[in-house]
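Taking it in order: structure first as structure tokens, then the write-up.
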Amino acid sequence: MFEKWITSQWTEIPMVLLSCFITYTVIIAYTRFTGLRSFSKMSAGDFAMTLAVGSIFASTISSANPTLVISLTALATLFVGQWLLAISRKKFHWFSRLIDNQPLLLMHGGTMVEENLRKANVTRTDVYGKLRAANALNYEHVLAVVFETTGDISVLHSEDPEVKLEAEFFENVVGAELLYHSENVNVNTRERAAAAS
């Protein structure tokens, strides 16, 4: 039993190398055909695609089951499906809204949006960690923190108290109306900056 876990037949190694080379080459060819969008992280579907391709690739080169032909067919199906999905999302707005998660505003100025934190299953500690990673030094600099459709957290910050946020950048962001109380300037940021001066 120990030998089965550690060793293998020498005749299997050339097949592993061949499978790896062929599968890797085919993935590159599929990517060239469908575009780099195949491995982006702009939507939940993109993320699932990346995981599925990686899983099939690993299974194909590490064992005889699934066979090489079955694996390449599965990969082709995934890439074509991703390509059709991207076209449908671009052409039909309702379809995009149906399959994509909506981004959530988690924080504006120094104020956490508790309802959206609960929806995203994100804690204040998670947000503080992202603020540190983005080099946001204090609440006065924070304009907005957004939980993106991919699960990433974007931190928008600036030292300019008069900076304005482009409303178009926040279309479809749940809670974005909290950012635009007065001339599209974050109220909390302006008030904190005024109090500090």
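Within region 155-178, residues that are of a type in the set (K, R) have Cβ atoms under 8 Å from residues that are open to solvent by 50 Å² or more (accessible area, probe 1.4 Å) and outside any helix (DSSP H, G or I) in these pairs: K164/E183; K164/N184, counting only partners at least 6 apart in sequence or on another chain. You will find that of L98, L78, the residue that is hydrophobic (A, V, I, L, M, F, W, C), loosely packed, with under 15 Cβ neighbours inside 10 Å and either in a helix (DSSP H, G or I) or without any contact (Cβ under 8 Å) to a residue 60 or more places away in the chain (or both) is L98 and no other.
Per the listing A86, A52, the residue uniquely surrounded by fewer than 17 Cβ atoms within 10 Å (Cβ to Cβ) and either modelled with pLDDT under 90 or in a helix (DSSP H, G or I) (or both) is A52. Consider region 126-181 and keep the residues that are small (G, A, S) and in contact with a Phe, Trp or Tyr (Cβ under 7 Å, 6 or more places away or on another chain). The one that is farthest from T111 (Cα to Cα) is A167. For region 68-75, the criterion of a residue being closer than 28 Å to T34 by Cβ, modelled with pLDDT under 85 and β-branched (V, I, T) is satisfied by no position. Cβ-Cβ contacts under 8 Å between residues 6 or more apart (or on different chains), taken from a first residue in region 112-125 that is in contact (Cβ under 8 Å) with a residue 24 or more places away in the chain to a second residue that is assigned to a helix (DSSP H, G or I), are listed as V113/L178. A count restricted to region 108-160 and to residues that are surrounded by fewer than 15 Cβ atoms within 10 Å (Cβ to Cβ), modelled with pLDDT under 90 and charged (D, E, K, R) stands at 3.
The values are calculated or read from the model by the stated rules, or taken from the named source; none is laboratory data. Just so we're clear, the structure is a prediction, and the values are computed from it rather than from any experiment. With ideal geometry, Cβ positions are generated from the backbone for all residues, glycine too; neighbour counts draw on all protein chains shown. Accessible surface is based on the protein model in full, side chains and every heavy atom, while ligands, DNA and RNA are left aside. Shrake-Rupley method; radii C 1.70, N 1.55, O 1.52, S 1.80 Å.
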